[in-house]
1. How high is the relative contact order of chain B? Use alpha-carbon pairs under 8 Å, at least six apart in sequence, and give a whole percent.
2. What is the mean projected area of the alpha carbon convex hull for chain B, to one decimal in square nanometres?
3. Taking beta carbons within 10 Å but only from partner chains, what does the mean come to for residues A:83-96?
4. Rounded, prolate or oblate: pick one for the range B:379-489, where a ≥ b ≥ c are the square roots of the eigenvalues of its C-alpha gyration tensor, a/c under 1.5 means rounded, and failing that, prolate if a/b is larger than b/c, else oblate.
5. Contact order normalised by length for the range B:387-490, with contacts defined as Cα pairs under 8 Å and 6 or more residues apart; what percent is it?
6. Note down the nm distance, to one decimal, between modelled labels 7 Å out along Cα→Cβ at residue B:114 and at residue A:15.
7. How far, in degrees from 0 to 90, does helix A:186-199 lean away from the longest principal axis of the Cα atoms of chain A, to the nearest 10?
8. Inside 10 Å of the C-beta atoms of B:339-350, what's the mean count of C-beta atoms belonging to other chains?
């Protein structure tokens with residue numbers, strides 16, 4: 001969930017001023033339209049890490065909106081009246097009415113997470129809580145509440161620095177002891193929160209992670225996310241019709257996990273040869289081992305066109321007994337496949353124990369090409385993140401090692417490879433008009449890939465981003481990653 | 001879930017013949033329309049207790065349908081190929097295509113239940129499985145699969161008898177040892193299955209419990225349920241539009257849990273006086289106790305008009321310190337209330353610890369008057385069962401005792417009371433045109449009440465049906481039930 005948010009996101013003051021003025025006017029318009037239409041309520045959950053600036057963001061929002069139709073509520077320790085009632089009571093009684101905006105600082109998530117950071121964490125119990133939250137939010141959505149879930153994120157070092165600032169502020173030290181106590185468990189807390197957000201990021205109420213190190217960036221992103229979600233619903237079909245799904249992306253600088261890649265990484269050919277042979281040898285041993293008969297391997301390849309998927313896959317298969325693996329090239333679904341749920345054709349190809357399936361393009365087509373080309377509705381690809389997470393969780397629960405690669409090159413390098421393919425006779429079949437069309441949508445794909453990585457990287461099936469500007473470097477990284485993951489599972 | 005199914009449901013052979021002929025033709029029509037429209041797939045889960053006749057029902061369905069567009073699959077022990085893959089794999093690869101019907105004998109539920117009947121049952125783990133099933137089915141529904149979940153039910157004695165018959169059949173003894181082993185745990189199994197079906201009866205894929213003691217009744221009900229669900233979807237909006245929710249009721253004889261009530265129960269006035277005083281005394285003591293400050297009580301009253309809710313509530317409140325309780329009369333929602341999710345106005349009235357809230361009519365209006373009068377859409381009241389179950393689970397998890405009464409009279413007795421009210425000056429305010437209009441819909445209400453009891457009776461918040469033909473008997477039963485439930489919680 002935090003891959004893109006962990007990049008440096010900054011906005012300069014003068015841009016901020018211009019954008020803020022525009023945003024403010026647009027938010028007031030949206031609020032006015034909402035108050036007049038009274039067709040739905042807006043519920044904004046402003047939640048996230050200590051020190052990320054929930055209160056500051058709340059102050060901004062109350063400044064931007066007309067306060068007459070906004071109800072803000074701070075959920076800290078439960079009041080005595082709340083403590084004497086069921087946990088969700090205090091949220092229920094403060095729900096906004098249709099035509100109005102409710103901003104909750106804190107939420108049912110904060111309650112579930114904070115108690116578990118310190119103290120014993122029962123996984124099954126947390127999952128049970130999370131599925132209650134999903135049911136609660138599904139119900140709210142069905143009852144015409146537009147839920148905008150914002151998680152304010154800070155990296156570990158940013159949080160440390162922010163807490164130091166807070167400690168120096170007059171009166172700021174009030175909660176600082178507790179904040180620091182939690183900060184000490186940053187890594188464990190983030191693992192739990194990561195899982196929590198992933199399991200509760202649904203089609204009807206997806207999470208938006210807000211990078212909060214830069215205050216201006218944070219506030220603008222919050223404002224624009226809210227604006228986009230409200231506008232979309234206001235401009236959609238009339239009341240009672242299919243509710244438009246909330247938007248999930250309002251990242252202004254479009255920076256994602258991909259931007260963190262160092263594409264200058266290279267390998268000399270002689271080093272490459274040695275390392276490749278070494279990793280292939282490891283993979284061969286592991287997949288030949290007796291222990292491998294109890295598990296299985298699914299390795300998936302996605303990436304920019306011409307990033308080198310085919311060549312990488314060949315290096316993987318070279319290492320394995322041909323009776324053991326199958327390579328599946330995924331193209332557009334056939335009519336027969338379209339007649340089934342979209343995951344069906346992948347389920348059919350799941351290997352049995354002791355076997356390996358390699359996918360050249362995958363089920364992620366749903367949130368990449370299908371999203372960008374409009375082959376499925378927004379509601380469809382929005383729910384796909386959770387569905388794919390469930391799918392991969394079932395694979396890994398059955399002992400299948402799932403290794404997912406995104407092969408990344410720069411746009412310039414792609415151009416060079418395209419041109420090379422056109423010049424070389426035996427490579428010409430590899431380049432089509434469609435490749436050029438996809439290239440025109442490079443920026444759209446970058447956003448979709450960022451969302452995909454953020455929303456489907458899980459502890460059991462993480463994404464591995466591969467710097468493929470130098471094919472040799474990329475191939476070795478892929479081989480090593482597969483070998484390491486299989487070794488860990490044996 | 002099984003309250004209505006446990007009634008005696010029978011159909012005579014000649015009626016069966018007539019109905020079967022009609023049904024068969026209609027099913028073939030529906031199947032033909034489906035094959036032509038190709039807009040959705042039909043997935044029928046034929047699952048339930050051993051001996052209930054899943055195979056017999058499957059045979060009937062394959063006889064009724066044109067076998068060319070039906071795919072049946074029996075899920076018994078996983079094959080070697082299935083055992084080597086994730087648990088859901090064998091269901092996935094057998095999913096029907098759009099335009100076709102898939103009938104599964106057995107299902108993911110059977111896998112989850114059977115293993116847990118014998119052996120250790122971890123509640124949190126079961127819940128986690130069930131919520132996975134819900135997500136799976138929600139995805140299928142979004143992917144245009146109409147899911148019809150049939151649970152074939154037998155009472156304990158009916159199952160025993162059926163197993164004896166099977167044991168005598170040639171070759172029938174093959175599974176009988178295992179069946180009997182499970183039958184020995186009937187009560188524990190049913191508690192688990194009850195919970196399982198309740199938690200997975202969602203708006204998009206509700207369960208239909210099929211009373212299966214009488215073979216003809218069972219088969220007809222299955223056929224009619226499938227027909228109604230298919231017809232509804234086929235006749236609904238065009239492809240891609242809002243998918244109509246599946247129907248849940250196809251009970252032909254409209255017999256529900258209400259039919260089991262013995263309305264002749266009476267109390268002599270002197271016995272009544274003594275018992276009432278006794279129970280009021282108990283309730284007074286319990287609610288005055290120190291231990292009561294840690295819990296709370298919510299008592300809800302629903303029932304036929306003129307069934308005696310008001311008088312019963314007065315007898316309850318007489319027993320309690322007026323500072324401790326509040327009585328809430330629930331009428332049609334105001335405009336302000338309509339602007340919030342429908343449960344909001346009830347959440348507001350949830351008592352704090354140590355207190356009592358009595359509801360004269362309740363949140364069940366959603367599945368009674370709102371359903372029958374069309375004040376909400378079918379999708380709305382269908383999802384309400386699960387939402388209400390969640391709501392009450394949250395109350396009870398917080399230590400609130402939830403006691404729910406349905407006060408039942410005969411239709412004749414209601415008429416007598418209506419006429420009495422019209423004749424008596426000080427009672428005339430109690431009878432309105434609306435009461436007479438409701439009376440005209442007596443049969444519709446009986447079905448809705450039956451569904452409500454089946455779908456919202458839970459271990460933590462069971463329904464108590466009160467024989468209120470004799471008001472004195474009813475009042476004492478109510479007082480005693482409340483006192484017993486509170487005593488158990490102290």
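Each value in this text was obtained by applying a stated rule to the coordinates, not by laboratory testing. None of the values given here were measured: they were computed from a predicted structure. So basically every Cβ, Gly included, is an ideal-geometry build from the backbone, and we count neighbours across all protein chains shown.
1. Details: 722 pairs, mean separation 93.5, N = 490.
Rounded, it is 19 percent for chain B.
2. On the way: hull surface 104.7 nm².
If I average the Cα hull's projected area over directions, I get 26.2 nm².
3. Values: counts 2, 11, 12, 12, 3, 6, 7, 1, 1, 11, 7, 1, 7, 2.
The shielding value for this peptide is 6.
4. oblate
5. RCO, the range B:387-490: 44 percent.
6. Result for the modelled spin labels: 6.1 nm.
7. 90 degrees
8. The mean count of partner-chain Cβ atoms within 10 Å per residue comes to 6.
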